[in-house]
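Chemist: Below is one structure. I have some questions about it.
The values are calculated or read from the model by the stated rules, or taken from the named source; none is laboratory data. Remember, predicted model here, so these are calculated numbers, not experimental data. Note that we place each Cβ from the backbone using ideal geometry, even for glycine, and neighbour counts take in every protein chain shown. SASA here: full protein model, heavy atoms, side chains in, ligands and nucleic acids out. Shrake-Rupley method; radii C 1.70, N 1.55, O 1.52, S 1.80 Å.
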Amino acid sequence: MQTGKSTVKSIFDGTRIFNIPTYQRAYSWRESNLNDFLTDIINQHTERPYFFGTFLFHNNGQRGEFNLIDIVDGQQRLTTFLLFMRQLIKILNKKNSERISKRTDRIFIKDDDVFKLELSNEDNSFLHNYILSDSEIKKEKVATPSQRLLLEAKSFFEAKLTKLNKELLEKIYVTITEADVLLYVVDEISEATQIFALLNDRGRPLTDLEAIKSFLMYNIGLTSKNPNQLIGKIQENFSKIYRLIEKYDLVEEDILRYHTIAFEHTTKTNSKVYIKNKISTLVNNNEQQKAKEAIMNYCLRLKETFEIYVQILEDIESSQTLANFFMLGKVAPFYPLLINSKKYSSNRFEELIGYLNKFSFRATLIRLRSSGDSYINTCLRNKEDAIEKVKEFTRDNWWNINYRVKESLNYNNYYEWLSKNTVRFILFSYENDLRQKKGYPKLTSKEYFKTTPNGTRFLNIEHITAKKTVGIKFDDDFNENYINNLGNLVIDYIGPNIRKGNKSTDDKLEEYKQAP
């Protein structure tokens, strides 16, 4: 296989295994991408060839009688193509099409025991067993978001192609297998990084994280005489980042921003712009060694930030103070501080969470708009004690917070005045206090956050005396001062609450008395 114009049929000549390396992100195409993919092929005019896209391949040696090809660019599109071909071949077989044979399946999908596509992550066996084969899949077998997307893609193509007649399916087969492609084929990964930096994938646009990875690998190629080992280290760091994103379903753009605020000591919050400017300035000033060190250090710091972020999430189960902070729901503005403190002031982390709980609870009670994050982030940028700044917020009564909280305690209408999450947290905390006193096991943070498949909370805020109680009409005083008062509210599970419905208060109280 050589650089230049080729066809899909020529790529899959039966001698190659295509591998998606660990440093690539997991499968991420959704229905809109799949629909565009299929619509493009169906609507293609037969009188001119279909252009399937640009691919960047790295020749990565031999495996038995097969050549191993790493997909550096175009992995989402090529994976989708094989998912599509698996269903197309199967349906054409059922329709006794002469366009295909057993050899077709061997060329594109599987030759004896060798699959033509493999993933260098935990999705590989899932792809082979349940997507490219017909093993029965149960819901509990789907372990990651990317596995769910692979399964959805398989179902999408199966449903769409089954509706088409044999003539159109054969036209589609010819269109896609004879489609033109533009190939860049390299023998050294350092060559691939330089080409990748100049290419745009025809599928989903690069995320900021992908663009940063590409930029750093490209510039290592410019600043090092022997870049392959360094590129390998960059790939290893980003591989770990992508696995964490996949495992915990992280929002990478948010964590990139948190990282820049927490550790890069810059006023810029756009991570991609910041690191590109920093490295480009060093390269343009011929400070190659400094640029190289900056690239490698940045990769390591970024990987550590993702690891710390995940560690904080995992600590919620073992730390009640941390769980309370997350249940209060005002976490996002403080993530840079949390990450920074976890890394550099781990011995003060519990102390910090204590201060944040005091401040956040008071802030939510008075619906304070400011989180004080601008002050905190300035401290982080200037390498000052940001934990002490949070302590000041409550101790020194910033925003007159203490007086305003005392006023809020007299509200008669907690249900409509405060955010639902604040009310839920108060009732949850009170419930656990009662349970502890009576010797019952406490509710956990998992139960607090648990939702039904349609997103409804398992633990709801409910009125003890219902707003519309059967057979009772309330006067204005009760409606104004009591119906939404905190004393008339309780958290309850969906099922028991539905059962109680709008019964009279006496009837409902009998059921409440049976609960912990």
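Chemist: Taking Phe108 as the residue in question, decide whether it is closer than 22 Å to Trp29 by Cβ, touching a residue at least 60 places away in the same chain (Cβ under 8 Å), surrounded by 13 or more Cβ atoms within 10 Å (Cβ to Cβ) and touching a Lys or Arg at 6+ places or on another chain (Cβ under 7 Å).
Modeler: Yes; evaluated as a whole, the condition is true for this residue.
Chemist: I would also like to ask the following. Here is a list: Asn43, Asn60, Asn96. Which entry is surrounded by fewer than 21 Cβ atoms within 10 Å (Cβ to Cβ) and modelled with pLDDT of 90 or more?
Modeler: Going through Asn43, Asn60, Asn96 in turn, the sole match is Asn96.
Chemist: Residues Arg395, Arg381, Arg369: which one is under 28 Å from Pro336 (Cβ atoms), in contact (Cβ under 8 Å) with a residue 40 or more places away in the chain and not polar (S, T, N, Q)?
Modeler: Values: Arg395 fails: in contact (Cβ under 8 Å) with a residue 40 or more places away in the chain; Arg369 fails: in contact (Cβ under 8 Å) with a residue 40 or more places away in the chain.
Just one listed residue meets the conditions, Arg381.
Chemist: Would you tally the residues in the stretch 73-93 being farther than 18 Å from Asp123 by Cβ and open to solvent by 10 Å² or more (accessible area, probe 1.4 Å)?
Modeler: Qualifying residue count for the region: 3.
Chemist: Please enumerate the residues belonging to the stretch 113-160 that are in a loop (DSSP other than H, G, I, E, B), among the polar types (S, T, N, Q) and surrounded by fewer than 14 Cβ atoms within 10 Å (Cβ to Cβ).
Modeler: Residues satisfying the conditions are Ser133, Ser135.
Chemist: For residues that are within 24 Å of the chain's Cα centre (by Cα) and among the acidic types (Asp, Glu), tally how many sit in the stretch 436-470.
Modeler: Residues that pass the stated criteria total 1.
Chemist: Which number in (1) among the small types (Gly, Ala, Ser); (2) modelled with pLDDT of 85 or more; (3) over 28 Å from Glu236 (Cα atoms) marks the one condition that Ser135 misses?
Modeler: Exception for Ser135: condition (2).
Chemist: Within the stretch 446-467, does at least one residue satisfy the condition of being of a type in the set (Ser, Thr, Tyr) and without any contact (Cβ under 8 Å) to a residue 24 or more places away in the chain?
Modeler: Within the stretch 446-467, one or more residues are of a type in the set (Ser, Thr, Tyr) and without any contact (Cβ under 8 Å) to a residue 24 or more places away in the chain.
Chemist: Turning to a different aspect of this structure: Looking at Ile176, Ile195, which one is in a helix (DSSP H, G or I) and within 30 Å of Thr46 (Cβ to Cβ)?
Modeler: On the way: Ile195 fails: within 30 Å of Thr46 (Cβ to Cβ).
That would be Ile176, the only listed residue that is in a helix (DSSP H, G or I) and within 30 Å of Thr46 (Cβ to Cβ).
Chemist: Now for a different question. Among the residues of the stretch 363-407, write down those that are open to solvent by less than 60 Å² (accessible area, probe 1.4 Å) and polar (S, T, N, Q).
Modeler: Residues satisfying the conditions are Thr364, Ser370, Ser371, Asn377, Thr378, Thr394, Asn397, Asn402.
Chemist: For the stretch 328-353, which residues satisfy the criterion of being under 20 Å from the mean Cα position of the chain (by Cα) and either aliphatic (A, V, I, L, M) or open to solvent by less than 10 Å² (accessible area, probe 1.4 Å) (or both)?
Modeler: Hits for the stretch 328-353 are Val331, Ala332, Phe334, Pro336, Leu338, Ile339.
Chemist: Give me the pairs: first residue in the stretch 71-95 and without any contact (Cβ under 8 Å) to a residue 60 or more places away in the chain, second residue surrounded by 21 or more Cβ atoms within 10 Å (Cβ to Cβ) and among the acidic types (Asp, Glu), beta-carbon distance under 6 Å, and six or more apart or on different chains, which are they?
Modeler: Listed pairs, sorted by first residue: none to list.
Chemist: Look through the stretch 281-298, keep the residues that are free of Cβ contacts under 8 Å to residues at least 60 places away in the same chain and either within 27 Å of Tyr375 (Cα to Cα) or in a helix (DSSP H, G or I) (or both), and return whichever of them is nearest to the chain's Cα centre (by Cα).
Modeler: Our first condition is that a residue be free of Cβ contacts under 8 Å to residues at least 60 places away in the same chain; within the stretch 281-298, this holds for 281-282, 284-287, 290, 293-294, 297.
Then keep just the ones that are either within 27 Å of Tyr375 (Cα to Cα) or in a helix (DSSP H, G or I) (or both); that gives 281-282, 284, 290, 293-294, 297.
Working: Thr281: 32, Leu282: 33, Asn284: 35, Lys290: 33, Glu293: 29, Ala294: 27, Asn297: 24 Å.
Per the stated criteria, the residue is Asn297.
Chemist: When both residues are 6+ apart or on different chains and their Cβ atoms are under 8 Å apart, which pairs have a first residue that lies in the stretch 497-509 and is on the phi > 0 side of the Ramachandran plot, and a second that is surrounded by 12 or more Cβ atoms within 10 Å (Cβ to Cβ) and part of a loop (DSSP other than H, G, I, E, B)?
Modeler: Gly501/Ala466
Chemist: Within the stretch 431-442, identify whether any single residue is part of a loop (DSSP other than H, G, I, E, B), surrounded by 14 or more Cβ atoms within 10 Å (Cβ to Cβ) and among the small types (Gly, Ala, Ser), and answer yes or no. Walk me through it before giving the result.
Modeler: Initially, the stretch 431-442 is screened for residues part of a loop (DSSP other than H, G, I, E, B), giving 439-442.
Then keep just the ones that are surrounded by 14 or more Cβ atoms within 10 Å (Cβ to Cβ); that gives 442.
Keeping just the survivors that are among the small types (Gly, Ala, Ser) gives none.
No.
Chemist: Take residues that are among the acidic types (Asp, Glu) and tell me which of the helices (runs of 4 or more DSSP H) falling wholly in the stretch 299-388 contain 2 or more.
Modeler: Qualifying helices (runs of 4 or more DSSP H): 349-365.
Chemist: Let me ask something else about it. Which number in (1) under 27 Å from the mean Cα position of the chain (by Cα); (2) open to solvent by 60 Å² or more (accessible area, probe 1.4 Å); (3) not hydrophobic (A, V, I, L, M, F, W, C) marks the one condition that Ser360 misses?
Modeler: The number of the failed condition is (2).
Chemist: May I pose another question? Keeping to the stretch 28-40, report how many residues are open to solvent by 60 Å² or more (accessible area, probe 1.4 Å) and out of contact with any Phe, Trp or Tyr (no Cβ under 7 Å at 6 or more places or on another chain).
Modeler: 5
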